[in-house]
1. Give region 30-77 a look and list any residue that's within 18 Å of Gly132 (Cα to Cα), modelled with pLDDT of 85 or more and either basic (Lys, Arg) or not in a helix (DSSP H, G or I) (or both), or say none.
2. Would you check which residues across region 9-19 are buried (at least 19 other Cβ atoms within 10 Å of the Cβ) and either closer than 12 Å to Cys48 by Cα or among the small types (Gly, Ala, Ser) (or both) and list them?
3. Give region 20-43 a look and list any residue that's more than 12 Å from the chain's Cα centre (by Cα), within 24 Å of Leu55 (Cα to Cα) and surrounded by 19 or more Cβ atoms within 10 Å (Cβ to Cβ), or say none.
4. From the set of residues in region 85-112 that are among the hydrophobic types (A, V, I, L, M, F, W, C) and under 16 Å from Cys51 (Cβ atoms), which is most open to solvent (accessible area, probe 1.4 Å)?
5. Which pairs do you get when a residue that is assigned to a helix (DSSP H, G or I), found in region 122-150, comes within reach of a residue that is loosely packed, with under 15 Cβ neighbours inside 10 Å and at pLDDT below 80, reach meaning Cβ atoms under 8 angstrom, with the pair 6+ apart or on two chains?
6. Just give me the residues in region 76-111 being touching a residue at least 24 places away in the same chain (Cβ under 8 Å) and polar (S, T, N, Q), in sequence order.
7. Can you pull out the residues in region 113-127 that are of a type in the set (A, V, I, L, M) and open to solvent by 70 Å² or more (accessible area, probe 1.4 Å)?
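The values are calculated or read from the model by the stated rules, or taken from the named source; none is laboratory data. Note that the structure is a prediction, hence the values are computed from the model and not measured. Note that we place each Cβ from the backbone using ideal geometry, even for glycine, and neighbour counts take in every protein chain shown. Just the protein is used for accessible areas: all its heavy atoms, side chains included, with ligands, DNA and RNA removed. Shrake-Rupley method; radii C 1.70, N 1.55, O 1.52, S 1.80 Å.
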Amino acid sequence: MVSLHPPLSGLPLAAALGLLVCEVLSCFSNLRARMNGYRSALVLCVVCSACLSFLSGYQASSDLGTIAGDVERELGKHHALGRFYLMSALFLGTFFVVGRKARYGKHVLLALYYAALIAVVSLTVWTGRLGGDLVFEHGVGVKTKVTNPS
């Protein structure tokens, strides 16, 4: 079965960094109005890419078979951080939507939104590094291609 996790695992980092750049650019008063549409689209991309990456990770790990020792522990850390990442992305989307609709307490929701954004970016980088270590150091998910000698 084709593993969708490798191509989908890059989307969360691109969406999270794009959202971070969008938030930094929106600090400038002349760009704030332009960034609202981009911000909404990027928040949606962060939440959707988090869900897709998380689900494809479990699909990819179901094909691994039995692993033991340090690799199993590292894979467990990667899965745990993936769950934290998914939850922080869902919190990010929730704080964004509720913050736009709120009449009172917008500053509290904005602070929670920025905290969730920092958590999303940090967890994306950390989880991606652990996933890269699993592939490049331990060979998880790597299959050798056997060719018939002619």
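1. Lys77
2. Here is the first cut: in region 9-19, the residues buried (at least 19 other Cβ atoms within 10 Å of the Cβ) are 9, 12, 15-16, 19.
Of everything in region 9-19, those that are buried (at least 19 other Cβ atoms within 10 Å of the Cβ) and either closer than 12 Å to Cys48 by Cα or among the small types (Gly, Ala, Ser) (or both) turn out to be Ser9, Pro12, Ala15, Ala16.
3. Listed by number, the list holds a single entry, Leu42.
4. Here is the first cut: in region 85-112, the residues among the hydrophobic types (A, V, I, L, M, F, W, C) are 86-87, 89-92, 95-98, 102, 108-112.
If we keep only those that are under 16 Å from Cys51 (Cβ atoms) as well, we get 86-87, 89-92, 96-97.
Working: Leu86: 28, Met87: 91, Ala89: 1, Leu90: 68, Phe91: 108, Leu92: 0, Phe96: 26, Val97: 82 Å².
Checking each candidate, the answer is Phe91.
5. What qualifies is Val135/Val142.
6. The answer is Ser88, and nothing else.
7. Filtering region 113-127 for residues of a type in the set (A, V, I, L, M) gives 115-121, 123, 125.
Ile118, Val125 - these are the residues of region 113-127 that are of a type in the set (A, V, I, L, M) and open to solvent by 70 Å² or more (accessible area, probe 1.4 Å).
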